[in-house]
Structure formats: structure tokens, C-alpha cells
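Working notes for the structure below.
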Amino acid sequence: MDVHKQAVARIAAVARQYFQAGEPYRVFHGSTNSTRPRRSTGNVIDISALNNVLTVDTKTRTALVEPNVPMDRLVASTLQHGLIPPVVMEFPGITVGGGFAGTGGESSSFKHGFFDRAVSSVEMVLADGEVVNASPSGDYADLFHGAAGAVGSLGLVTMAELNLVEAKRYVRTTYHPKSSVKETIESIQQEAADTTYDYVDGILFSKDHGVVVTGEMTDEEPPPGGVQSFSHAADPWFYLHVRDRTRSATDPVVEFIPLAEYLFRYDRGGFWVGASAFEYFKFPFNWLTRWFLDDFLHTRMLYEALLSGRESSRYVVQDLALPYSRAEAFVDYTAEKFGIWPLWLCPILQTPPPTFHPRVSEAEGPQFLNVGLWGFGPRDQAAFVECNRNLERRLRDDFGGMKWLYAHTYYSEDEFWQAYGDKSRYNELRKKYKAMTLPSVYDKVKVDGEAYGRQQREEWGPWALSFWPLGGMWGIRKAIQSGQYLPRCPPWRKEGE
């Protein structure tokens with residue numbers, strides 16, 4: 001804790017210096033899972049060293065954690081004490097700070113809500129260098145609720161206190177095969193109403209093949225040969241495994257997955273985004289090539305390569321919140337306009353407003369359905385921007401939905417505030433906590449479609465990387481240089497297991 005306090009004091013001093021000079025700055029975290037175009041300014045506050053699990057208290061079932069602790073290391077630390085965060089983002093590299101300041105909703109969120117609902121307090125450095133502790137119902141409650149999901153626009157989180165729950169050895173996982181979009185959505189809504197489950201999500205492979213996945217933590221001894229893992233190079237990718245186990249099944253399929261393996265089951269292949277790399281390079285996609293290239297096909301590597309190689313300029317990576325009543329019509333729309341399969345389905349407990357988290361009308365009920373839409377869009381930059389703009393318009397106007405802000409966001413400022421909240425209230429909060437020198441939420445998430453497209457066309461770097469396979473090769477090179485290439489045993493698994 002002494003080392004932590006010293007680091008925070010240094011960060012606060014730098015923030016105070018920039019504040020007094022009236023100079024903007026950006027924060028360097030060390031990694032990101034955002035797919036928004038990267039921006040840079042001359043002034044940087046480096047908080048990448050805040051990457052430690054400070055304490056785990058088994059009596060209070062809480063942990064004090066610095067913001068740059070990734071999910072895999074957090075899980076490895078808490079599992080040593082028989083505990084686990086109630087919400088764990090499925091990508092191992094997503095950090096605690098990213099989960100709080102961004103929007104982290106996963107397969108346990110149908111009853112726990114977004115990741116920040118498991119946070120009992122945060123230490124923050126305000127824009128003027130003041131260090132405060134904020135909690136949901138105590139000191140600085142308005143700051144706590146305002147900062148959750150506000151992408152760092154109210155200050156810097158330097159420590160979080162997390163609530164934990166009891167962990168068990170396995171997740172008893174059941175795959176429920178469905179034969180239509182309608183049946184899959186109705187089933188996932190029904191299963192998500194059952195709080196005896198610990199995890200609920202689903203995959204739509206096509207209009208006539210869906211799967212609802214339910215999970216229950218258990219210490220029950222699995223039957224012989226009944227344990228399935230997903231982190232070894234020779235293991236199957238989770239979504240391919242589910243597809244193959246349910247392709248011709250009519251009854252539910254049950255298997256036992258070690259807890260941490262379940263939590264990060266989508267890491268290898270990044271759900272199914274990794275398959276796009278094989279499509280891009282025109283490389284055979286089979287068990288042997290996936291095994292051979294395994295070190296390159298985890299989410300840390302894939303995200304860095306996607307951003308550095310400029311493939312994010314034509315890759316649709318969007319998560320959308322839909323009311324259950326309109327989710328089937330929305331899937332029909334995406335199938336027609338994008339032709340992207342599979343789709344991820346994840347039921348999530350809504351956060352009451354005011355919030356920057358996606359939400360739907362309260363009249364639709366306490367939950368909404370997250371649809372993950374990830375795949376190649378049009379190669380032409382103008383067409384790519386237009387298809388994303390059309391998605392934003394149709395989502396809001398026709399389907400009563402809202403999107404996550406980690407991805408390309410093309411709203412005008414008026415459109416943004418109409419969808420996401422009370423601008424005057426937000427600015428009052430920024431003034432109260434002296435954050436007006438920091439970029440606003442809109443400033444941080446917006447993508448100027450016209451300017452972005454012009455940059456891709458006119459600057460030599462993006463122009464050169466638009467030629468196959470230069471962009472992909474450059475992305476891989478930058479990912480290796482950044483340290484995202486990590487051919488090693490995951491922290492939750494012992495060597496040799």
C-alpha cells in the first residue's frame with residue numbers, strides 16, 4: 001500500500017501541474033480493448049504501473065485492486081482464496097479500471113448487472129490533482145455513479161474495492177440447441193429469469209441454429225471424461241465446440257468446465273473474430289492451423305493487431321442493447337444488411353438512469369438482450385461509415401436500442417445526448433469536480449466519419465496499409481512489439497496442467 005500511495009501521489013502531482021497550466025492530457029493505461037481510432041496529444045499521464053492486486057480479504061469477501069489489473073490475473077489472485085468477482089469480462093486482458101469506467105457486461109450480468117455494480121468504492125485522482133474516495137451511497141456518491149461508464153471523463157480511477165463471491169471448481173454447462181431465432185431469444189429470456197443459474201448467454205450460428213448456454217458453479221465430481229478445457233493450444237475454440245456439439249442435437253448437452261476455463265472460454269479466437277484473420281490472409285482454417293498459430297490467436301494479440309493494422313477501419317465491432325420484444329426483428333435486419341454470423345446473445349440486468357451504460361425502455365422489463373455484431377463490413381470507407389451510421393439510426397429509431405461506446409461511434413453531438421443522457425446534469429458534475437479540462441464522454445467516443453475516411457484515403461500510412469496483406473502483417477508486427485504476444489501458460493493454470 002505504501003508503494004501504491006507513492007505512485008498515486010506522483011500521478012496527482014502531474015495532474016495538478018497540467019490543471020494549473022490549463023493543458024489537456026491523455027492517460028496511458030498500457031492496453032485497451034476499445035476499437036475506436038487512437039488519438040494522441042502531447043501530454044500524457046502514465047498509470048500503467050498501477051497493475052497490482054493489493055489485498056484479498058476473505059472475511060469481508062472484498063479485494064483492493066489497482067485499475068490496470070487484467071481479468072486473468074484478478075481471477076488467479078482471488079481463486080487462491082476460494083473467491084471470484086461476480087462479473088468477469090470474458091477477455092483476459094480487460095482491466096478493472098476499464099470495466100468500471102467503460103461498460104463490462106458478461107454472462108453473469110443477467111442477475112449481477114454491469115461490472116461496476118460489483119465495485120463498492122473507488123479511489124480517484126480528480127483533474128486538479130485532489131485524491132478522493134467515492135462509494136455508491138457514501139462520500140462522493142454522485143461522482144461514483146457519474147464516473148461508472150463515463151470513460152474517464154470525470155477523473156482517474158487509481159484503486160477499486162471489489163465485492164467477491166464464493167468460487168467453485170467447475171461450471172456445469174448446458175448447451176440448449178434451438179432451431180430458430182425466435183425460439184433462441186424466447187429461450188434465453190426464460191432461462192435468464194432463473195436466478196439459480198450463475199451464467200446465461202447464447203450464440204446464433206444462423207437463422208436455423210441457435211444455442212442457449214447456461215452454467216452453474218459446482219463442486220460436484222464430473223463423470224469420467226466429462227471435463228472440457230479451452231485454454232490449451234490443442235483444445236477447440238469454444239464457439240466451434242458448441243456448434244459441433246449441437247449441430248445435430250435435439251436434447252440439451254451437458255459438460256463440466258473448470259471455472260477459470262469457463263470465464264475465459266472465448267479468449268482463444270476472440271469469440272469468432274480470430275477466424276477473420278484466416279479469411280483476411282486467405283489461410284486454411286482448420287484444427288492444425290489453429291494449433292500452429294495459437295499464440296497469435298488470443299484476444300490481446302487480436303485486438304492489438306486489429307487496431308495497429310487499420311483493419312478496425314473496415315471491421316464492424318458493435319455491441320447493441322435490444323429489448324427482447326424487438327430482438328428478432330433486429331437480427332433479421334443485421335442478417336440482411338451485414339450478413340454477419342455468428343451473433344452473440346447476452347441478457348443483462350439494466351442499470352437505472354442516469355447512466356452512460358446502454359439501456360432500453362424500463363417498460364420492457366428489468367433486463368435487455370445484448371447482441372454482439374462482429375465481422376467484416378464494406379471495404380469502401382464511405383460505405384463502411386454509412387452502414388455504421390445506418391445501424392445507429394435503425395437501432396435507436398426502429399428497435400428501441402442503444403449501443404456500447406467502446407466501438408466506432410458516429411453520432412452527432414445532439415444525437416448522442418438525446419440517446420445517452422442529460423448533458424446539463426453531466427456538465428454540472430464536471431464543473432463540481434473540476435473536470436472541464438478533461439475530454440467529455442462525447443469527445444472521447446466520437447468518430448468524425450468524414451475526417452476519418454479522408455485520413456484513410458489521403459495519409460500515406462493508412463493508404464499503404466489498405467493494400468493486402470500489408471495491413472495485416474503490420475498489425476501482427478506491432479502486436480509483437482507491444483508485448484501482447486504472450487506464448488505462456490495462463491496465470492490461473494499451473495505449468496503442465
Can we say residue 395 is modelled with pLDDT under 60, among the hydrophobic types (A, V, I, L, M, F, W, C) and either at positive phi or crowded, with 19+ Cβ neighbours inside 10 Å (or both)? no
Looking at (1) modelled with pLDDT under 95; (2) buried (at least 23 other Cβ atoms within 10 Å of the Cβ); (3) within 24 Å of residue 29 (Cβ to Cβ), find the lone condition where residue 263 falls short. (1)
Which of the strands (runs of 3 or more DSSP E) found entirely inside the stretch 156-215 contain at least 2 residues meeting this: open to solvent by 50 Å² or more (accessible area, probe 1.4 Å)? 156-163
Check off (1) within 27 Å of residue 184 (Cα to Cα); (2) β-branched (Val, Ile, Thr); (3) part of a helix (DSSP H, G or I) for residue 385 and give me the number that stays unchecked. (1)
Members of the stretch 329-353 that are farther than 24 Å from residue 385 by Cα and either surrounded by 17 or more Cβ atoms within 10 Å (Cβ to Cβ) or in contact with a Leu (Cβ under 7 Å, 6 or more places away or on another chain) (or both): 345, 346, 347, 348, 349, 350, 351
Sole exception among (1) touching a Phe, Trp or Tyr at 6+ places or on another chain (Cβ under 8 Å); (2) over 23 Å from residue 205 (Cβ atoms); (3) at pLDDT below 90; (4) not hydroxyl-bearing (Ser, Thr, Tyr) for residue 306, by number: (2)
Output for Cβ contacts, cut-off 8 Å, separation at least six or different chains, first residue of a type in the set (Ser, Thr, Tyr) in the stretch 281-294, second surrounded by 13 or more Cβ atoms within 10 Å (Cβ to Cβ), reads 289/278
If you go through the stretch 149-167, how many residues are within 30 Å of residue 14 (Cβ to Cβ), among the charged types (D, E, K, R) and touching a Gly at 6+ places or on another chain (Cβ under 9 Å)? 0
Checking residue 341 against (1) under 30 Å from residue 146 (Cα atoms); (2) in a loop (DSSP other than H, G, I, E, B), only one condition comes out false. Which one? (1)
Any chance the stretch 300-321 includes a residue that's surrounded by fewer than 19 Cβ atoms within 10 Å (Cβ to Cβ) and hydrophobic (A, V, I, L, M, F, W, C)? no
Which condition breaks for residue 139 when tested against (1) charged (D, E, K, R); (2) without any contact (Cβ under 8 Å) to a residue 12 or more places away in the chain; (3) open to solvent by less than 10 Å² (accessible area, probe 1.4 Å)? (3)
State all residues of the stretch 113-126 that are open to solvent by 20 Å² or more (accessible area, probe 1.4 Å) and either assigned to a loop (DSSP other than H, G, I, E, B) or touching a strand residue (DSSP E or B) at 6+ places or on another chain (Cβ under 7 Å) (or both); if no residue qualifies, say none. 120, 121, 123
Kindly indicate the residue of the stretch 44-68 that is polar (S, T, N, Q) and not in a loop (DSSP other than H, G, I, E, B) and also surrounded by the fewest Cβ atoms within 10 Å (Cβ to Cβ) among those meeting that condition. 55
Test: residue 129 is open to solvent by 20 Å² or more (accessible area, probe 1.4 Å), in contact (Cβ under 8 Å) with a residue 60 or more places away in the chain, closer than 23 Å to residue 44 by Cβ and not acidic (Asp, Glu): no
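Okay, residues lined up against (1) open to solvent by 50 Å² or more (accessible area, probe 1.4 Å); (2) touching a helix residue (DSSP H, G or I) at 6+ places or on another chain (Cβ under 9 Å); (3) among the hydrophobic types (A, V, I, L, M, F, W, C):
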site	(1), (2), (3)
366	yes, no, no
377	no, yes, no
399	no, yes, yes
419	no, yes, yes
424	yes, no, no
Out of 403, 431, 444, sole residue that is among the basic types (Lys, Arg) and surrounded by fewer than 18 Cβ atoms within 10 Å (Cβ to Cβ): 431
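Rundown of residues vs (1) closer than 22 Å to residue 299 by Cα; (2) open to solvent by less than 10 Å² (accessible area, probe 1.4 Å); (3) of a type outside the set (Val, Ile, Thr); (4) modelled with pLDDT under 95, yes/no style:
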{"site": "230", "(1), (2), (3), (4)": "yes, yes, yes, no"}
{"site": "235", "(1), (2), (3), (4)": "yes, no, yes, no"}
{"site": "238", "(1), (2), (3), (4)": "yes, yes, yes, no"}
{"site": "250", "(1), (2), (3), (4)": "no, no, no, yes"}
{"site": "254", "(1), (2), (3), (4)": "no, no, no, no"}
{"site": "257", "(1), (2), (3), (4)": "yes, yes, no, no"}
{"site": "270", "(1), (2), (3), (4)": "yes, yes, yes, yes"}
{"site": "279", "(1), (2), (3), (4)": "yes, no, yes, yes"}
Specify which of the listed residues (84, 94) is closer than 28 Å to residue 304 by Cβ and at pLDDT 95 or above. 84
Would it be correct to say that residue 321 is outside any loop (DSSP other than H, G, I, E, B), touching a Gly at 6+ places or on another chain (Cβ under 7 Å) and at pLDDT 90 or above? yes
Kindly provide the set of residues from the stretch 69-105 that are part of a helix (DSSP H, G or I), closer than 22 Å to residue 146 by Cα, open to solvent by less than 10 Å² (accessible area, probe 1.4 Å) and in contact (Cβ under 8 Å) with a residue 60 or more places away in the chain, ordered by number. 96, 100
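The values are calculated or read from the model by the stated rules, or taken from the named source; none is laboratory data. All figures in this text were calculated on a predicted structure; none of them were measured in a lab. Cβ coordinates were reconstructed from backbone atoms using ideal geometry, including for glycine residues, and neighbour counts include every protein chain displayed. For the accessible areas, the whole protein counts, side chains as well, though only heavy atoms, and no ligand, DNA or RNA atoms are used. Shrake-Rupley method; radii C 1.70, N 1.55, O 1.52, S 1.80 Å.
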